[in-house]
Structure formats: C-alpha cells, structure tokens
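Right, one structure below, let's go through it.
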Amino acid sequence: MNIKENVENLRTEIEKLKLENNIKKDIIICAATKYVGVNEMREIISCGINNLGENRVDSFLQKYEQLKDESIVWHFIGSLQTNKVKKIINKIDYLHSLDRESLAREIEKYRENPLDCFVEVNCSGESSKHGLSESEVIPFINSLKNYKSIRIIGLMTMAENTQDFESIKGNFRRLKMIQEEIISINLDYAPCSYLSMGMSNDFKEAIIEGATLVRIGSRLFK
Ligand SMILES: *Cc1c(COP(=O)(O)O)cnc(C)c1O
C-alpha cells in the first residue's frame, strides 16, 4: 500500500473528471479509515487529507484519543446506536447517518453546540442499508425544527451494490432531487447544501451527479 501515491492518483482523477464535466465546486475527500490504524491515518493527514470518517464508536474513540495532537475534522459515517450518542457526540464535527427522531432526541440531550448532520437516505431500496426511504425524508426534516442542536447540512446515501453504473447514477440523481426539494422549502435549520455520496467504486458517478463530499476507503488504503 502506497498511501501517498493513492492520494495523488485519486486527486488527479477527480480533477480530470471536474474538467471534463465542467464542475467548478470543491469536492471534499473524506477518508474512510475503518481499514487502518493510526499510523496510516497520520500518513494520510500528512498528504493533506484531514477529513477522516469512522463508522464504529469504539474504534473512533480509540483513534480519537491517539490522534489528539493532529488537526482532524471528524466525520462519523456509520450508523449510530442511540445508547452510544453520549460517548461521541461532542467529539465529532459531522454526522452522516441521522435517520430517526429518537437519534435526534438523544443528540439534543447531549450535544453542546449545533451539530452539522447529513440525513441518510436509502436510495437503492436494499434492505441491508440504513437510511430513510425517499418519501420519508421531507416529513423527517420537518419534524426536526425544534431541535436546536441539529443543523441539516446535507443528505448522505450509499448506492446500490452493483456494477450497473446506470442504476447507481439513478440512486445519486434521486438524492440530488430530494436535496433540491429541501432547498426550495428554505428552512433555516436545513440549508442542505451538501451531498455525501460516492465511495471507491462509484465516486466518479457521484461527482458527475452532484456529490460535494466523497467517502473513500479501499481506494486509498489498498
Ligand atoms: C467503508 C465506508 C466507505 C468507504 O468504502 P470504500 O468502498 O472502501 O471506499 C464509505 N462510507 C461508509 C459509510 C463506509 O462505512
């Protein structure tokens, strides 16, 4: 594994894709670090990637303690059990998996200042995936208006697990459409300007369809 080379290659591919598709906005690379330990995480930070995403509470807490000397923007990208909220909620910068009101209530209890959250949407309909169904998203966001510690900055999805890239693009396109609908409602607590979509296998399709943040794991750490 050559992390530096992987980062350079990924950056080059993203730049090329942006040029070809006339995309001007910045794309944030969030490294999904579940495959690696703190040494590899330090290495990726030294390559200029300090948006790091963990998906399990216990490994997040261990790594958080060990990396206190680094300047890291922490993303929690996995599903979050309600009874573990208290342990991590004031240590993270972004939550990508808000998908139920019971979770919002627990965040409201413990979070000291507003937390930037993505609402997770299950655009593929696969039962193995977390997230709200498409029709549940807007009612859910409407139900959050009295939660002072929750700011809906965007939507997150994991596309269908398939090599059918047209189908994957369809998933991403639907997330973008829901985002536009939310933006048009114009809620002060839900600016919803970001889309967290695209992983190692499908980040190109995601960027073409409007991703602002891609979550990349195996591609960086293989
Ligand atoms: C692991 C993980 C990723 C990255 O997946 P890769 O296919 O390894 O790039 C992205 N998002 C979530 C929620 C993950 O758990």
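Below is a table of values for the structure above.
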read-out	value
Burial order of peptide ranges 83-91, 120-128 (average beta-carbon count within 10 Å, highest first)	120-128, 83-91
Accessible carbon and sulfur surface of the stretch 3-221 relative to its total accessible area, %, 1.4 Å	45 percent
Unit charges on C-beta of K, R, D, E only; dipole of the stretch 3-221, Debye	480 debye
Pairs beyond 19 Å (Cα-Cα), from K63/K148; K4/K169; K87/K129; K86/K148	K63/K148; K4/K169; K87/K129
Cβ-Cβ FRET estimate between Q62 and N22, R0 fixed at 45 Å, reported to 0.05	0.60
Residues D93 and S184, FRET efficiency given R0 of 25 Å [Cβ-Cβ distance, rounded to 0.05]	0.40
Signed unit charges on C-beta, dipole axis of the chain, positive-most listed residue N22, T212, S79	S79
Helix-derived mean residue ellipticity, 222 nm - over the chain, DSSP H n ≥ 4, -39500 (n - 2.57), to 500	-11500 deg cm²/dmol
Peptides ranked, highest mean first, by Cβ atoms within 10 Å: ranges 176-184, 46-54	46-54, 176-184
Extension gain (nm, one decimal) between E166 and E40, 0.36 nm per residue minus Cα-Cα	42.0 nm
Environment charge at K145 (Cβ cut-off 13 Å; Lys +1, Arg +1, Asp -1, Glu -1)	-1
Probe 1.4 Å, protein heavy atoms only - accessible area per residue of the chain in square angstrom	48 Å²
Total formal charge among the other residues, if their Cβ is under 12 angstrom from that of R173, Lys/Arg +1 and Asp/Glu -1	-2
For peptides 16-24, 98-106, sequence by mean Cβ density within 10 Å, most packed first	98-106, 16-24
Projected label distance in nm at R11 and N146, using a 7 Å step from Cα toward the beta-carbon	4.8 nm
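The values are calculated or read from the model by the stated rules, or taken from the named source; none is laboratory data. Everything numeric in this text was worked out from a predicted model, so none of it was measured. Cβ coordinates were reconstructed from backbone atoms using ideal geometry, including for glycine residues, and neighbour counts include every protein chain displayed. Just the protein is used for accessible areas: all its heavy atoms, side chains included, with ligands, DNA and RNA removed. Shrake-Rupley method; radii C 1.70, N 1.55, O 1.52, S 1.80 Å.
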